[in-house]
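The values are calculated or read from the model by the stated rules, or taken from the named source; none is laboratory data. Source: prediction; values computed, not measured. No Cβ is skipped: glycine too gets one built from the backbone with ideal geometry, and neighbour counts run over all protein chains shown. Surface accessibility is based on the protein's heavy atoms, side chains included, excluding ligands, DNA and RNA. Shrake-Rupley method; radii C 1.70, N 1.55, O 1.52, S 1.80 Å.
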Amino acid sequence: MARDTRQRILDASLAMFNTQGEPHVTTNHIADELEISPGNLYYHFRNKDDIIEQLFARYEERMDAALTPPADRLPGLEDIWLQLHLVFECIWDYRFLYRDLVEILSRNRRLRMRFARILKRADDSAHAVMRGMSRAGVMRASAAELAATATNVLVISTFWLNYAASRGEKDEQAAIRQGIVQVMMLVAPFLRDAERVHLNTLTQAYVA
């Protein structure tokens, strides 16, 4: 029963942080939403930052899985597409972290270090995928071009939802699709002709 209550608190907190913004949600708001006493909530979590750290651990585990490249072969175009789907879906499900990133990280050194680790992992993964596609002959680019493209992929993926929100986009699911296409367009100029045609087909079906 206690485990169920703990899980309900985490699920409700995530939903409220995502819809209302983490700075606007207090532990009392969460307790009211669940119709439990603040004391019951504090039995499971010390404070709101404790809740955020537990949600971050779930986010971290999922992002680590999303960033794992194919183990037994060189990556291809559809591997990048799939990886971007998984990464953007994770960002969407934990979007409060990205919307309020500076606010959250400024008050929690542990999360700052853990988020920096995630960014480093994502950066390493993006660079490895670009080098792998080059070795596979899917991309033609210099080492400097591959490195710059990998960094641009990471930057756009990390901040795309904030960019979309600042433009007044209301449909964030559509914004995610646009973000994935935008990232793939960074890769497009370096692809072989056959892969560029394939990417164009994927893109048209995706945004239709």
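With all protein chains in place and a 1.4 Å probe, the accessible surface of the chain carries 53 percent carbon and sulfur. For segment 93-208, the relative contact order comes to 25 percent (Cα pairs under 8 Å, sequence separation of at least 6).
So, R0 is 35 Å and r is the distance between the beta-carbons of GLU35 and ARG107; what FRET efficiency does that work out to, to 0.05? If you can, show how the numbers build up before the last one.
On the way: r = 29 Å, r/R0 = 0.82.
Once rounded, the FRET efficiency stands at 0.75.
Peptide packing: for 65-74, 5-14, the average count of neighbouring Cβ atoms within 10 Å per residue gives the ranking 5-14, 65-74, highest mean first.
Just the number please: accessible area per residue for the chain, 1.4 Å probe, all protein chains included, in Å². Display every interim value, and only then the final one.
Working: 11000 Å² over 208 residues.
Result: 53 Å² of accessible area for each residue.
Counting only protein heavy atoms and using a 1.4 Å probe, the accessible area of LEU84 comes to about 10 Å².
Take peptides 38-44, 51-57 and line them up by average Cβ neighbours within 10 Å, highest first, as a rough protection proxy. Could the numbers behind the result be given before it?
Details: 38-44: 14.6, 51-57: 18.9.
My ranking of the peptides, most packed first, is 51-57, 38-44.
Its relative contact order, with pairs defined as Cα atoms under 8 Å and 6+ residues apart, puts the chain at 19 percent. 3J(HN,Hα) along segment 110-124: 4, 5, 4, 5, 5, 5, 4, 5, 4, 4, 5, 5, 5, 5, 4 Hz, from the Karplus curve 6.51 cos²θ - 1.76 cosθ + 1.60 with θ = phi - 60°, whole Hz, x for Gly and Pro. 3J(HN,Hα) couplings calculated from phi for segment 10-20 with the Karplus curve 6.51 cos²θ - 1.76 cosθ + 1.60 (θ = phi - 60°) are, in sequence order, 5, 5, 5, 4, 4, 4, 6, 4, 5, 8, 9 Hz; Gly and Pro show x.
Distances between placed amide hydrogens fall under 5 Å for ALA136 paired with no residue 5 or more residues away or on another chain.
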